[in-house]
Amino acid sequence: MNEQKRQKLLDVIAPPAIDIELDHVKLGNVFVRTLFVFSYPRFLAQNWMSPIINMDQTVDISIFMNPVSTEKILKQLQSRLTGIEAEMMEREEKGMIRDPVLDTAYRNIEDLRDKMQTAEEKMFQFGLYILIYGKSKEELDKTENSIRSILESRLVYVKQAVYQQGEGLLSGIPLNLDELKVTRSMNTSPLSSTFPFVSFDLSDDKGILYGINRHNSSLVLFDRFSLENANTVILGKSGGGKSYAVKLEILRSLMLGTDVIVIDPENEYQYLAETTGGSFFKVSLTSGDHINPFDLPAPQKDEDPKELLRANIITLIGLLKIMLGSMTPEEESILNEAINQTYASRDITPGTPNFWEITPPLMQDLFTVLENMEGGESLAQRLQKYTTGVYSGFLNKQTNVQLKTRLVVFNIRDMEDDLRPVAMYIIINFIWTNIRKELKKRILAIDEAWWMLQHPESAAFLFGIAKRARKYYLGVSTITQDIEDFMNSDYGRAIITNSSLQILMKQHAATIDKLQQIFNLTDEEKYLLLENNVGEGLFFAGTKHVAIKVVASYVEDQIITSDPEQLLQIQKEKEGE
Ligand SMILES: Nc1ncnc2c1ncn2[C@@H]1O[C@H](COP(=O)(O)OP(=O)(O)OP(=O)(O)O)[C@@H](O)[C@H]1O
Ligand SMILES: [Mg+2]
């Protein structure tokens with residue numbers, strides 16, 4: 001390259017002006033400040049640098065490690081040791097008591113000498129410089145303060161490179177030039193704790209791919225069953241990509257041998273079920289798929305059958321409260337008695353051997369009992385719409401659906417709005433009853449779960465399932481766009497905070513502050529969530545969180561998309577075949 005061309009290139013890449021001040025450098029419009037570390041504690045904890053590396057601000061960190069000749073250090077240590085020994089002897093001669101500081105220093109040096117002698121440890125000159133950036137001096141001060149407080153809590157102390165900001169800049173950019181030369185001697189063990197590439201990784205060696213880590217483009221690979229519980233919540237506003245992410249997780253989990261059951265209020269999972277050989281049930285007033293809420297599960301080995309019957313009666317009361325509306329305590333006890341009698345009419349009582357093998361009663365039977373019971377008339381009247389007329393097709397029949405395939409989807413799109421929480425309740429109870437028959441790794445995905453928060457009974461029920469799921473090797477995925485409903489319900493909040501895995505996608509400005517509180521989001525994370533594109537979000541697993549982008553392969557995308565244009569295209573291609 002000739003000289004003229006070289007000059008031109010330099011003009012293009014160089015900042016318009018450089019202004020070196022006492023405590024910062026101005027590169028065009030950008031302010032840069034160099035900080036250096038001047039003091040370390042006696043022990044450095046693993047990973048002490050990761051909070052700085054993972055800060056949401058731009059920082060450049062420059063690390064210099066220069067080996068020092070062992071021989072030279074050994075000589076220095078030897079003379080230091082002699083000095084300490086002399087001091088100790090002097091104290092002894094004067095009859096003074098032992099000084100623990102001298103003792104410790106002596107032991108430490110002895111120890112280090114031994115290790116260096118056997119080449120277990122080496123000595124280095126270590127320099128650590130941090131370059132921070134901002135649009136103004138105030139911004140620099142703010143960033144400096146946060147770095148300072150993070151490090152000082154670990155007894156690591158930093159200073160500005162006063163009057164040496166030019167040298168600082170040269171040392172901080174990747175030129176391998178240490179112009180500052182503020183170094184400390186450090187041996188190998190503490191030095192290893194400064195290795196910077198350790199954090200912000202959620203790459204397990206097992207599990208499925210959730211997406212790409214937006215901090216460093218690594219893969220977010222994770223096994224939700226490795227956590228305290230396998231429950232997940234996915235929160236985000238409509239169209240943010242929640243269902244897409246869930247479908248992708250389902251597809252990938254199926255490949256690894258996990259069974260999946262989905263409650264699908266929007267008819268979005270049918271194609272997924274068809275493609276993967278799953279089953280698809282439509283629960284509506286007119287469909288042929290039925291679930292009888294009076295079904296009883298066979299007890300597990302460690303379960304008391306009496307307890308099981310009692311628990312099922314409580315579940316039924318919860319359901320009937322949603323169906324019939326609020327009840328007085330008297331009505332509730334009448335209902336309790338009526339359900340007991342209804343079961344008894346089929347000879348299902350705590351005393352009957354293997355009562356769970358008897359064909360259970362129907363809603364119609366409960367109606368008959370209530371009708372003939374003193375004080376039961378009003379309840380009977382309210383129940384009637386479910387046992388005669390259009391509503392009876394839905395929950396007044398014996399169960400004819402089964403969880404046979406690896407993926408089972410329950411569609412409730414054609415259910416009346418009023419009946420949706422009822423349908424969800426019945427389906428979830430059915431699933432719960434059935435999964436306990438055979439222990440297996442399973443995921444239960446409840447899309448549009450806010451429907452379950454429309455009644456305190458269904459909210460409590462959902463929470464109860466999520467709480468007990470772990471015992472049955474079940475991970476519950478709760479997906480919702482209505483965050484307000486969840487936040488305002490004790491059960492909703494408990495479901496969110498008790499889920500080991502949480503995925504936040506694009507959020508509404510109206511709810512972000514509440515969310516920030518619950519999830520302890522930093523301001524940067526908060527803005528990230530407001531400005532996310534479709535498929536982008538934050539992924540929380542225990543205490544770790546990363547910004548994530550959900551990506552599917554072409555084939556996966558074809559199976560899980562709900563983009564109408566794409567669906568039409570796929571439809572056309574299928575017809576053309
Ligand atoms: N990661 C992604 N890559 C490509 N397309 C995506 C991605 N995530 C979502 N989409 C597309 O964006 C649209 C909205 O996504 P999705 O249906 O998952 O939103 P949602 O959050 O479930 O919304 P709602 O709360 O209304 O159900 C769909 O057409 C989907 O195919
Ligand atoms: Mg959705």
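I'd like the full set of residues that are touching a Phe, Trp or Tyr at 6+ places or on another chain (Cβ under 6 Å) and within 11 Å of ligand 1 (Cβ to nearest atom), limited to the stretch 528-559. If the condition is that a residue be touching a Phe, Trp or Tyr at 6+ places or on another chain (Cβ under 6 Å) and within 11 Å of ligand 1 (Cβ to nearest atom), then Ile548 is the only one that fits.
Listed by first and then second residue, the pairs with beta-carbon distance under 7 Å, at least 6 apart or on different chains, first residue in the stretch 549-575 and outside the structural domain of Ser217 (by TED's automatic domain parsing) and on the phi < 0 side of the Ramachandran plot, second open to solvent by less than 70 Å² (accessible area, probe 1.4 Å) and part of a helix (DSSP H, G or I), form an empty list. Checking each residue in the stretch 201-246 for being among the basic types (Lys, Arg) and away from ligand 2 (no atom under 16 Å from the Cβ) picks out Lys206, Arg214, Arg224.
Within the set Ile512, Ile518, the sole residue that is open to solvent by less than 20 Å² (accessible area, probe 1.4 Å), in the same structural domain as Leu219 (by TED's automatic domain parsing) and either more than 12 Å from ligand 1 (Cβ to nearest atom) or more than 24 Å from Ile443 (Cα to Cα) (or both) turns out to be Ile512.
One line per residue, one yes/no per condition, for (1) within 30 Å of Val233 (Cβ to Cβ); (2) open to solvent by 50 Å² or more (accessible area, probe 1.4 Å); (3) touching a Ser or Thr at 6+ places or on another chain (Cβ under 9 Å):
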| position | (1), (2), (3) |
| --- | --- |
| Gln125 | no, yes, yes |
| Glu138 | no, yes, no |
| Tyr163 | no, yes, no |
| Leu169 | no, no, yes |
| Tyr210 | yes, no, no |
| Asn216 | yes, yes, no |
| Val220 | yes, no, yes |
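Each residue in the stretch 249-259 was checked for being touching a strand residue (DSSP E or B) at 6+ places or on another chain (Cβ under 8 Å) and within 16 Å of ligand 2 (Cβ to nearest atom), and 2 of them qualify. If I filter the stretch 222-239 down to residues being within 16 Å of ligand 1 (Cβ to nearest atom) and over 20 Å from Leu254 (Cβ atoms), which single residue comes out as most open to solvent (accessible area, probe 1.4 Å)? Applying the filter and picking the extreme gives Ser238. Inside the stretch 317-339, residues that are farther than 29 Å from Met415 by Cβ and touching a residue at least 24 places away in the same chain (Cβ under 8 Å) make up a count of 2. What are the residues in the stretch 336-378 that are open to solvent by less than 40 Å² (accessible area, probe 1.4 Å), part of a loop (DSSP other than H, G, I, E, B) and closer than 22 Å to Phe394 by Cα, if any? Hits for the stretch 336-378 are Pro360, Pro361, Leu362. Does the stretch 48-59 include one or more residues that are surrounded by 10 or more Cβ atoms within 10 Å (Cβ to Cβ), in the same structural domain as Glu152 (by TED's automatic domain parsing) and touching a His at 6+ places or on another chain (Cβ under 9 Å)? Looking through the stretch 48-59, at least one residue is surrounded by 10 or more Cβ atoms within 10 Å (Cβ to Cβ), in the same structural domain as Glu152 (by TED's automatic domain parsing) and touching a His at 6+ places or on another chain (Cβ under 9 Å). Of all residues in the stretch 448-487 being under 17 Å from the mean Cα position of the chain (by Cα) and within 16 Å of ligand 2 (Cβ to nearest atom), which is most open to solvent (accessible area, probe 1.4 Å)? Applying the filter and picking the extreme gives Gln481. For the stretch 389-413, the set of residues classified as open to solvent by 10 Å² or more (accessible area, probe 1.4 Å) and touching a Lys or Arg at 6+ places or on another chain (Cβ under 7 Å) consists of Tyr391 only.
The values are calculated or read from the model by the stated rules, or taken from the named source; none is laboratory data. The structure presented is a predicted model; accordingly, all values stated were derived computationally and were not measured. Reconstructed Cβ throughout: ideal geometry from the backbone, glycine too, with neighbour counts over all protein chains shown. Keep in mind that these areas ignore ligands, DNA and RNA; they rest on the heavy atoms of the full protein, side chains included. Shrake-Rupley method; radii C 1.70, N 1.55, O 1.52, S 1.80 Å.
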